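A short worksheet on the structure shown next.
The values are calculated or read from the model by the stated rules, or taken from the named source; none is laboratory data. In this text the structure is predicted, and so the values were computed from the model without any measurement. So basically every Cβ, Gly included, is an ideal-geometry build from the backbone, and we count neighbours across all protein chains shown. With ligands, DNA and RNA removed, areas are computed over all heavy atoms of the protein, side chains included. Shrake-Rupley method; radii C 1.70, N 1.55, O 1.52, S 1.80 Å.
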Amino acid sequence: MSVINDGDGWVDTPEGKRWGKFGAAGLLLFSHTDAGQLVILMQHRAEWVAQGGLWALPGGALNSTETPTQAALREAEEEAGIEAAAVTVLRHHTTAASGRWSYTTVIGWLEKPLIGVGNAEAEEHRWVPVDEVSALPLLPDFKSAWPDLRQSVTELLS
C-alpha cells in the first residue's frame, strides 16, 4: 500500500519556503496540432493556490514513494485529466534546487493535444504555441527555466 499525499506541505530552504516535503515535479507536455504547429500544455493556476493567477505546468509535490516522473504524471492526470499511459516520457531536468529541495521538470510527448477533466487547482489549461509561451504571465521559476526547457524540446525534435 502506498502513502498518499504525504509530500504535501511547505519546507524551509535557503531561498525561502517551497512546496513539497520531498521536492516537486511538473510535466512539460508537448504535441503537434493537426496543422503541424508545436504546442505546449500550459496551466493557468487558480487564484487560491500559491502564486495563483500565473501560468505554469501541471505539477506539484512528490510523495515519499514516488519518483519525479511518477509525481509529474500523477499531477498532470489530477490537474489536467491527461492519462499517464498516453504520455511518452522523453527526458527530465532539475529546473530549480534549494538545499535538499528540488523541482524536476519531466518532458513528455502526447500524440494529440487533448485535455481531459482536471481539478480545481487550475482556472484553465491551454495548448500554447511554443513561440507564445513567453508572452503569458508566467510563474517566476518557470519563466527562468523556460529558455532551457524550450531548447531541450527543440533538441528532442531534431
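Among the trypsin sites (Lys or Arg not before Pro) in region 1-110, those located in a DSSP loop and surrounded by at most 14 other Cβ atoms within 10 Å of their own Cβ are Arg100.
Among the chymotrypsin sites (Phe, Trp or Tyr not before Pro) in region 1-104, those placed in a DSSP loop whose Cβ has at most 16 other Cβ atoms within 10 Å are Trp48. Across the chain, C-alpha contacts under 8 Å between residues 6 or more apart give a mean separation that, scaled by the residue count, equals a relative contact order of 27 percent.
A value for Rg and Dmax of the Cα atoms in Å was derived from the coordinates, and within the list [x] 17.0, 49; [y] 16.7, 60; [z] 14.7, 46 it appears as [z].
The GluC sites (Glu not before Pro) of region 1-90 meeting both criteria, a DSSP state outside H, G, I, E and B (loop) and at most 10 other C-beta atoms within 10 angstrom of the site's C-beta, are Glu47. For the pair Glu111 and Lys17, a Förster radius of 35 Å applied to the C-beta separation gives a FRET efficiency near 0.40, rounded to the nearest 0.05. Heavy-atom accessible area for Thr69, with the other protein chains in place and a 1.4 Å probe, reaches approximately 30 Å².
For Lys21, the aspartates and glutamates whose Cα comes closer than 16 Å to its Cα, not counting residues fewer than 8 places off in the same chain, are Asp6, Asp8, Asp12, Glu66, Glu75.
Label separation (Glu83 vs Trp10): 3.9 nm, computed from points 7 Å beyond Cα along the C-beta direction. Rounded to the nearest 0.05, the FRET efficiency derived from the C-beta distance between Thr67 and Thr94 at R0 = 22 Å is 0.95.
Rounded to the nearest 10 degrees, the angle from helix 68-80 to the longest Cα principal axis of the chain is 70 degrees. Remark on His92: its backbone amide H falls under 5 Å from those of Ile107, a criterion applied only to residues 5 or more positions apart or on other chains, H modelled at 1.01 Å from N. The DSSP beta bridges internal to the chain are antiparallel in roughly 75% of cases. Relative to one another, the C-alpha centroids of region 86-100 and region 18-81 are positioned 11 Å apart. Once a ≥ b ≥ c are taken as the square roots of the eigenvalues of the Cα gyration tensor of region 88-158, is the result rounded (a/c under 1.5), prolate (a/b larger than b/c) or oblate (a/b not larger than b/c)? It is rounded, given that a/c, with a ≥ b ≥ c, falls under 1.5.
Computed from label points 7 Å out along Cα-Cβ, the spacing between Glu124 and Ala46 is 1.7 nm.
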